[in-house]
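Inspection log for the structure reproduced underneath, given as structure tokens.
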Amino acid sequence: MFSQSEENYIKTIYHLALDSDKGISTNAIAKQLDTKASSVTDMIKKLSEKEVVVYKKYQGVKLTDFGRKVATGIIRKHRLWEVFLVEKLNFSWDEVHEVAEQLEHIKSPKLINELDAFLGYPKHDPHGDPIPDEEGNIHQIEKNLLSVLPKGTVGVCVGVNDSSSDFLKFLDKQGIGLGVEITIIDIEPFDGSLTIEINSKPLSISNKIASNLYIKKI
């Protein structure tokens, strides 16, 4: 059993490791969790004793196989609760993250397995992120950031890189959501901004926005 704080550290290390094949520095963890490096060092010692992480000086922190299983379990709960909140309680996709952050710490495996079955074993959360199965396996789909695709590409929005409430509300205003077909009409060489077509209407978006939208080409 792990405390809520320990689970937050485990999940954070997991997410940071997705973008790096090297060990994660204590400074990177401290920055992500908005805490002191000394606090991170104390927590890493505790997690090492529980065989969740391995820490080597100058090489950083890595999750053990057991640690990765714990992390994917937390992520599974978080994303299943997000699906439940959107599909069954009528939350919008910009409202669910904070609530799911609280619900992900519920310990009952039976509750989560029953929740998974009740929802019909969903593969993705409301933001397009894959939901790990009970064994921690994650089914990834082929996707690209909109910002790296060439002019003329036609695809479907399958996820977001930024799940902040402000960004999701912005997408709602523009009519951009999961499953929406997007065509790249033009790309501005100067700043990478794009003109795209959604529902037969042109829309200009910045490179920053395009860098936070995942597209599956069709």
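The values are calculated or read from the model by the stated rules, or taken from the named source; none is laboratory data. This is a predicted model, so every value here is computed, not measured. FYI the Cβ positions are ideal-geometry reconstructions off the backbone, even for glycines, and counts take in every protein chain you see. The protein model used for the area step is the full one, side chains on, heavy atoms only, and it has no ligands, DNA or RNA in it. Shrake-Rupley method; radii C 1.70, N 1.55, O 1.52, S 1.80 Å.
The table that follows gives values for the structure above.
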| quantity | calculated |
| --- | --- |
| Residue selected from the range 62-81 under the condition surrounded by 17 or more Cβ atoms within 10 Å (Cβ to Cβ) and over 17 Å from the mean Cα position of the chain (by Cα), by the criterion farthest from Lys22 (Cα to Cα) | Gly67 |
| Qualifying residues in the range 165-177 (those that are farther than 15 Å from Lys208 by Cβ and in contact (Cβ under 8 Å) with a residue 24 or more places away in the chain) - the one surrounded by the fewest Cβ atoms within 10 Å (Cβ to Cβ) | Gly175 |
| Answer residue from the range 115-133, given it is assigned to a loop (DSSP other than H, G, I, E, B) and of a type in the set (Asp, Glu) and is least open to solvent (accessible area, probe 1.4 Å) among those | Asp125 |
| Residues being in contact with a strand residue (DSSP E or B) (Cβ under 7 Å, 6 or more places away or on another chain) and either surrounded by 17 or more Cβ atoms within 10 Å (Cβ to Cβ) or in contact (Cβ under 8 Å) with a residue 60 or more places away in the chain (or both) - total across the range 134-143 | 4 |
| Subset of the range 170-193 [assigned to a strand (DSSP E or B) and under 23 Å from Asp129 (Cβ atoms)] | Glu181, Ile182 |
| Some residue of the range 29-39 being at pLDDT 95 or above, in contact with a Leu (Cβ under 6 Å, 6 or more places away or on another chain) and assigned to a loop (DSSP other than H, G, I, E, B) | no |
| When residues of the range 201-218 are limited to those that are among the basic types (Lys, Arg) and in contact with a Gly (Cβ under 6 Å, 6 or more places away or on another chain), the one nearest to Gly152 (Cα to Cα) | Lys217 |
| Every residue from the range 144-164 that is open to solvent by 40 Å² or more (accessible area, probe 1.4 Å), of a type outside the set (Val, Ile, Thr) and modelled with pLDDT of 95 or more | Asn144, Leu145, Pro150, Lys151, Gly152 |
| The lone exception for Phe84 - which of (1) in a helix (DSSP H, G or I); (2) more than 17 Å from the chain's Cα centre (by Cα); (3) touching a residue at least 12 places away in the same chain (Cβ under 8 Å) it fails | (2) |
| Test set (1) touching a residue at least 24 places away in the same chain (Cβ under 8 Å); (2) outside any loop (DSSP other than H, G, I, E, B); (3) open to solvent by 70 Å² or more (accessible area, probe 1.4 Å); (4) closer than 23 Å to Glu7 by Cβ - Ile112 fails condition number | (3) |
